[in-house]
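First up is the structure itself, then whatever we jot down about it.
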Amino acid sequence: MRILAIDTALGACSACVLEAGSAQPIAIEQVAMERGHAEALMPMIERVMGKVEGGFSSLDRVAVTIGPGSYTGLRVGISAARAIAFAAGIPAVGVSTLAATAAPLVGREGGRVIAAALDAKHGQVWFQALNAQGKQLVSIRQVNHRDAARSIGAGPVSLVGSAALAVANEAWAIGLDAVVVDDAKAPDVIWVARLGMIADPQSAPPRPLYLKEPETTPQDRARLPRR
């Protein structure tokens, strides 16, 4: 299987093409950015696919991060993934940003809880915890830093993600053995590709995963009354 993976959910714009069984991607590009995903993504995908023999017609699947993340960023990535999949006649699958963030630690942190914590702004965190084998212990949720730490249980815990240190501070305050492994602002797109390969298109659609309402809403006063 050959898969194109896309991530625009958080603080990066990324794309890669990975072949099943290969440790390294055929082509990859990752650029840290807080804004501008809409302008950067399609030229990036064109550059990445330009390095792939057979181009878009050689793809078997497209994977994209579906959230939690930036409302605008999610829509950019998901729209691109759906369009490419439709044009190529191949499945598109969604991968959560928390799963992709935690995935590098699964099977490596023997006996420790693995917790992914992403900054949701305003003192909030997008959070999920797994056991060392990847089984979910705490479901995906949006909570404050203290509640995230308390949901971990007795620990010990290995934390990853942009809010890992903030949650670790709360974990230390209540006596937990907590280690910050990585505080990257966005998941590694190679792990988006790996998770996308094993995802079931029927149960993992490329649909936005929102844990809060968008911060922008229609202006009711400017709306014309229906007749």
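Taken together, the values in this text are just the output of simple stated rules run on the coordinates, not laboratory data. If you're wondering where the values come from, they're calculated on a predicted model, not measured in any experiment. Because the Cβ atoms are built from the backbone with ideal geometry, glycine has one as well, and the counts that use them run over all protein chains shown.
Observations
- Likely footprinting exposure, Val48, Val31, Val93, Val138, fewest C-beta neighbours within 10 Å first: Val31, Val138, Val48, Val93
- Arg82-Ser58 pseudo-label distance in nm [points 7 Å out on the Cα-to-Cβ vector]: 2.9 nm
- For the chain, the number of Lys pairs with C-alpha atoms closer than 24 Å, counting only pairs eight or more positions apart or on separate chains, is 4.
- The local environment of Cys13, defined by Cβ-Cβ distances under 14 Å, has a net charge of -2 under the rule Lys, Arg +1 and Asp, Glu -1.
- For the chain: relative contact order, % (alpha-carbon pairs under 8 angstrom, 6 or more apart): 22 percent
- Bins of 5 Å from zero: percent of alpha-carbon pairs in segment 133-199: 4, 16, 22, 25, 17, 10, 5, 1
- Nonlocal amide H pairs with Gly134, under 5 Å, H built at 1.01 Å: Gly107
- Evaluated at q = 0.10, 0.14, 0.16, 0.17 Å⁻¹: base-10 log I(q)/I(0), Debye formula over Cα of the chain: -0.46, -0.84, -1.04, -1.13
- Going by neighbour counts of Cβ atoms within 10 Å, the residues Leu195, Leu211, Leu4 line up, fewest first, as Leu211, Leu195, Leu4.
- Sequence-distant contacts, meaning Cα pairs under 8 Å at least 6 residues apart, place the relative contact order of segment 82-156 at 24 percent.
- Antiparallel bridge percentage (DSSP; both residues within the chain; nearest 5): 60 percent
- Projected onto its three principal axes, the C-alpha set of segment 99-182 covers 33, 26, 20 Å, listed from the longest axis down.
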